[in-house]
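We did not get these values from a lab; they are worked out from the coordinates using the rules stated. Note that the structure is predicted; figures quoted are calculated from it, not measured. We place every Cβ from the backbone using ideal geometry, glycine too, and count neighbours over all the protein chains shown.
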Amino acid sequence: MIAALAFYVFAAILIASAVMVVTSRNPVHSVLFLILAFFNASALFLLAGAEFLAMILVIVYVGAVAVLFLFIVMMLDIDFSRLREGFQRYAPIGAVIGAILFLELLFVFGSWQFAPEANSLRMNAAPETGISNTAALGQLIYTDYIFLFQVAGLILLVAMIGAIVLTLRDKPANSRRQDIAVQVARGEAVTLTAVPPRKGLAELGIVRRPLPAPPKPKAIHGHGHDDHGHGHDNHGHDDKHGGGHH
């Protein structure tokens, strides 16, 4: 009874958060609702007895993917008015595609029937086979469905390359790009030359500008009496020299 009640509670929260992911106008809120959906999905895995998938969902998707989405959305400069420009133009096409998908889902659920033994396996622990849940999952993925697993990896790789190509912007013609072949290639031998100290730039034709001369100290003038005294001494000296000439 408690397990069934917990299942319906987690499933209802999961569906509500998934709807909010799609209908939220703010992309940051969408990512937060996505994290809430991941947590509720991991709780459903725990109720089903798949604890390894529950931990992987929390660690990988919540801890890495959702946080990465959040950082990307917060760093991007999204112009919401520009995103809504073509909404009315493509609304009829989207309505037709949505109606087709809805009809396909009706056909699938109308012809789908549960196996007779499915009701007895619901909400029950895994049978005692001596193999842990993680080992059984690894054997199922990497042994029974190894080719499908590799194809899924290739599809994800193609999607990643496509996203990089679509978001790649053309750089201007004057932008500098790295040419690894030119950097690595050695077209001619490299000769080592002994260059005297402080002469390497001169051999390349680069002349350094001379350093500016240090400022001269300012002259300190004496008092007026000293100037007059020096003046008298100079006159006396001139008189002596003058007398000598005469």
Run the numbers for L47 and F71: contour at 0.36 nm per residue of separation, minus the present Cα-Cα distance, in nm.
5.5 nm
Give me the number: length gained by fully extending Y145 to V22, i.e. 0.36 nm times residue separation minus the C-alpha to C-alpha distance, one decimal in nm.
41.1 nm
Where does the range 1-83 land on Rg(C-alpha)/(2.2 N^0.38 Å)?
1.25
Could you rank the peptides 21-27, 99-105 by their average count of other C-beta atoms within 10 Å per residue, with the highest value first?
21-27, 99-105
Please compute the modelled spin-label separation between T134 and L166, points set 7 Å along Cα→Cβ, answer in nm with one decimal.
3.6 nm
